[in-house]
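The values are calculated or read from the model by the stated rules, or taken from the named source; none is laboratory data. Bear in mind the structure is a predicted one, so any value in this text is a computation, not a measurement. Because the Cβ atoms are built from the backbone with ideal geometry, glycine has one as well, and the counts that use them run over all protein chains shown. All accessible areas refer to the heavy atoms of the entire protein, side chains included, with ligands and DNA or RNA removed. Shrake-Rupley method; radii C 1.70, N 1.55, O 1.52, S 1.80 Å.
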Amino acid sequence: MTRTIRLSLDINERRYEIDVEPRVTLLDALRDHAGLSGTKKGCDQGQCGACTCHIDGQRVLSCLTLAAQAEGRKITTIEGIAAANGDLHPVQLAFIEHDAFQCGYCTPGQIMSAVACIREGRTGSDEEIREYMSGNLCRCGAYNSIVAAVREAAEMADA
Amino acid sequence: MLDFSYTRARSAEEARAAAGEPAARLLAGGTTLLDLAKCGVERPDTVIDISHLDGLSDILVDGTGASIGALAKMSAVADRADIRHAFPAVSQSLSLAASQQLRNMATIGGNLLQRTRCPYFRDPATFPDCNKRNPGSGCAALGGVTRNQAILGTSDHCIATYHGDLAVALVAFDATVRTDRREVPIDAFFLTPDDRPEQETVLDKGEMITGLTIPATVAARQSTYLKVRDRQSYEFAAASAAIGLDLEADGVTIRDLRVALGGVATKPWRARTVEAALIGKPVRPEIIAEASRLAVEGAVSHGGNHYKIELAPRVVARAILTVAAHLNPDLNPALGETA
Ligand SMILES: Cc1cc2nc3c(=O)[nH]c(=O)nc-3n(C[C@H](O)[C@H](O)[C@H](O)COP(=O)(O)OP(=O)(O)OC[C@H]3O[C@@H](n4cnc5c(N)ncnc54)[C@H](O)[C@@H]3O)c2cc1C
Ligand code: SF4
Ligand code: FES
Ligand code: FES
């Protein structure tokens with residue numbers, strides 16, 4: 001018999017009531033139970049960053065977080081960063097401007113990581129951006145454009 | 001990943017009581033536990049979430065040293081200006097580990113208890129033989145691919161590397177692990193595999209790490225963590241060194257030295273013979289290089305990891321020379337000649 005637990009998750013400032021097995025990760029809860037498939041599953045083992053989202057404003061990997069652990073915290077996903085009127089987040093605009101993707105699979109994770117990276121103040125140089133974005137792999141190798149987009153979004157945030 | 005039940009501990013006492021059960025596991029950041037549960041290595045029937053407990057994540061630094069709660073996040077410790085100032089090697093060992101996402105999740109207590117990345121250990125379906133996972137079953141790594149296996153502290157039963165970075169810096173500076181029952185010097189906290197590779201630390205079942213104490217020393221303040229790896233970031237060490245150095249007033253003679261190695265041994269490895277050989281000696285590249293070779297005394301090659309015997313002493317020497325040049329910029333030209 002499968003035991004399920006009822007969780008009440010605060011995702012993008014909306015409440016989601018879901019019934020899941022205790023082992024369900026936040027990543028699977030987002031995608032399969034909350035209908036938010038913007039967060040991607042790459043490795044499912046903490047190695048690629050595709051599943052990056054924010055918990056209480058900090059970037060984390062949803063594939064190594066239990067959904068149950070996140071109850072009572074504020075969860076933000078790629079679906080939750082644009083303005084209420086639909087205007088894209090400056091980091092999203094910078095990614096489009098710089099063509100910072102090819103297939104786009106790593107992009108939600110890259111953007112969530114970049115938003116946090118800028119907030120953490122880790123964009124002082126291209127070297128620092130590369131170091132603090134290293135947890136997000138891109139199989140298409142769009143790294144140069146990603147660094148350019150993060151740099152520009154950081155400069156705009158400073159201005 | 002097999003299913004388990006989830007409990008959120010309301011107090012440390014409640015967590016400890018529940019953790020005494022054989023198939024119960026504490027969940028802090030979850031970055032080791034859930035990863036290994038997905039691999040089928042960990043099969044908990046109960047997961048006890050301690051990540052919401054209050055009072056175990058404080059970071060205090062004063063003239064006598066640092067006290068860090070077991071639930072403090074790696075990123076929180078790495079980014080503290082007072083830790084960076086009094087213990088640069090500790091701060092660097094954390095910020096050079098994993099990725100920012102993982103550092104925001106992972107705790108200091110969980111970090112110490114991270115398990116080896118031995119690929120055979122991590123793949124029970126393909127490799128049933130692993131003495132660490134299943135005592136007495138053999139060791140699939142012996143005769144296998146050994147590029148990242150240990151050269152120091154190995155036994156006939158297990159050659160798996162301890163890959164953590166933080167513990168290497170802690171061993172260099174004589175930190176103490178605090179548990180709910182006792183205080184253990186970090187060097188004695190970790191065990192070599194010998195004939196019991198499944199026993200990695202002295203922790204008893206249900207014993208909980210509550211924090212760390214790191215004494216303030218001049219060597220700890222004048223320190224560095226050098227990590228050499230296959231890619232520049234987000235990778236475990238091929239070899240690493242935590243070095244602390246103090247020079248006499250002449251700016252040349254070594255007064256105090258701490259040396260510990262990572263990525264090459266079955267536990268965080270203090271290299272006291274290198275320290276003893278260099279204290280009282282002048283900082284000269286050829287002297288440092290020769291003494292650094294003592295770091296791999298007794299090393300055993302398994303073929304693929306042979307390069308570590310060459311690499312580790314070079315990492316030690318380079319780290320010592322880096323700190324020395326920082327302490328006494330006049331040494332720079334002299335060091336440059338042969339370094
Ligand atoms: C892709 C990847 C890359 C990584 N790279 C690096 C690296 O370069 N360098 C490095 O050092 N590490 C690296 N790590 C390892 C990472 O640092 C550890 O997984 C992490 O520090 C573990 O902490 P945690 O809080 O998540 O532990 P958890 O997974 O929550 O716990 C680990 C173990 O410790 C037990 N435990 C936790 N807290 C306590 C406590 N207070 N008392 C008693 N028992 C406890 C748990 O029951 C569990 O068995 C990497 C990990 C991944 C996934
Ligand atoms: S080296 Fe140790 S962990 Fe790896 S397979 Fe052998 S016994 Fe298991
Ligand atoms: S899916 Fe989470 S890190 Fe790859
Ligand atoms: S754009 Fe394809 S993986 Fe990054």
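Applying a threshold of 6 Å to beta carbon distances and a minimum spacing of six or more residues, or different chains, the list of pairs starting in segment B:102-119 at a residue that is within 11 Å of chain A (Cβ to nearest Cβ) and part of a loop (DSSP other than H, G, I, E, B) and ending at one that is within 16 Å of ligand 3 (Cβ to nearest atom) and of a type in the set (Gly, Ala, Ser) reads B:Ala106/B:Gly29. Among the residues in segment B:65-82, are any assigned to a strand (DSSP E or B), within 11 Å of chain A (Cβ to nearest Cβ) and in contact (Cβ under 8 Å) with a residue 12 or more places away in the chain? Yes, segment B:65-82 contains at least one residue that is assigned to a strand (DSSP E or B), within 11 Å of chain A (Cβ to nearest Cβ) and in contact (Cβ under 8 Å) with a residue 12 or more places away in the chain. Name the residue that is farthest from ligand 3 (Cβ to nearest atom), counting only residues in segment B:154-172 that are buried (at least 24 other Cβ atoms within 10 Å of the Cβ) and over 12 Å from the mean Cα position of the chain (by Cα). Per the stated criteria, the residue is B:Thr154. Provide a single number: the residues in segment B:34-77 that are within 19 Å of B:Val177 (Cβ to Cβ) and of a type outside the set (Ser, Thr, Tyr). Looking only at that region, the number is 19.
Would you say B:Ile48 is outside any loop (DSSP other than H, G, I, E, B) and over 21 Å from the mean Cα position of the chain (by Cα)? Step through it out loud before you land on a result.
On the way: outside any loop (DSSP other than H, G, I, E, B): yes; over 21 Å from the mean Cα position of the chain (by Cα): yes.
So B:Ile48 passes the test.
Under the condition of being assigned to a helix (DSSP H, G or I) and open to solvent by 30 Å² or more (accessible area, probe 1.4 Å), the residues counted in segment A:62-79 number 1. Considering the conditions (1) at positive phi; (2) more than 14 Å from chain A (Cβ to nearest Cβ); (3) surrounded by fewer than 24 Cβ atoms within 10 Å (Cβ to Cβ), B:Tyr234 is excluded by exactly one of them, (2).
Return the total of residues in segment A:80-112 being within 13 Å of ligand 3 (Cβ to nearest atom) and surrounded by 18 or more Cβ atoms within 10 Å (Cβ to Cβ).
Just the residues of segment A:80-112 that are within 13 Å of ligand 3 (Cβ to nearest atom), to begin with: A:105-106, A:108-110, A:112.
From the residues that got through so far, the ones that are surrounded by 18 or more Cβ atoms within 10 Å (Cβ to Cβ) too are A:106, A:108-110, A:112.
Number of matching residues: 5.
If a residue must be among the charged types (D, E, K, R), open to solvent by less than 30 Å² (accessible area, probe 1.4 Å) and more than 8 Å from chain A (Cβ to nearest Cβ), how many such residues does segment B:17-45 contain? Explain how you work it out, then say what you get.
If we filter segment B:17-45 for residues that are among the charged types (D, E, K, R), which is where we start, we get B:21, B:25, B:35, B:38, B:42-43, B:45.
With the extra rule that they be open to solvent by less than 30 Å² (accessible area, probe 1.4 Å), the set shrinks to B:35, B:42.
Still in the list and also more than 8 Å from chain A (Cβ to nearest Cβ): B:42.
Summing the residues that are among the charged types (D, E, K, R), open to solvent by less than 30 Å² (accessible area, probe 1.4 Å) and more than 8 Å from chain A (Cβ to nearest Cβ) in segment B:17-45 gives 1.
Where strands (runs of 3 or more DSSP E) fall entirely within segment A:1-61, those with at least 2 residues that are open to solvent by 30 Å² or more (accessible area, probe 1.4 Å) are at A:5-11, A:14-20. Residues that are among the acidic types (Asp, Glu) and farther than 27 Å from B:Ile83 by Cα within segment B:32-64 comprise B:Asp35, B:Glu42, B:Asp45, B:Asp49, listed in sequence order.
Restricting to segment A:133-149, name every residue that is away from ligand 3 (no atom under 16 Å from the Cβ) and either in a loop (DSSP other than H, G, I, E, B) or under 22 Å from A:Ser62 (Cα atoms) (or both). Give the steps one after another, and end with the answer.
Taking segment A:133-149 first, the residues away from ligand 3 (no atom under 16 Å from the Cβ) are A:141-149.
Matches in segment A:133-149: A:Gly141, A:Ala142, A:Ile146.
Yes or no: segment A:117-127 includes at least one residue that is touching a residue at least 60 places away in the same chain (Cβ under 8 Å) and either open to solvent by 10 Å² or more (accessible area, probe 1.4 Å) or within 14 Å of the chain's Cα centre (by Cα) (or both). Yes, because at least one residue in segment A:117-127 is touching a residue at least 60 places away in the same chain (Cβ under 8 Å) and either open to solvent by 10 Å² or more (accessible area, probe 1.4 Å) or within 14 Å of the chain's Cα centre (by Cα) (or both). Residues being farther than 30 Å from B:Glu198 by Cα and touching a residue at least 24 places away in the same chain (Cβ under 8 Å) are represented in segment B:256-270 by at least one member. Go through segment B:122-131 and count every residue that is out of contact with any strand residue (DSSP E or B) (no Cβ under 8 Å at 6 or more places or on another chain) and buried (at least 18 other Cβ atoms within 10 Å of the Cβ). Qualifying residue count for the region: 2.
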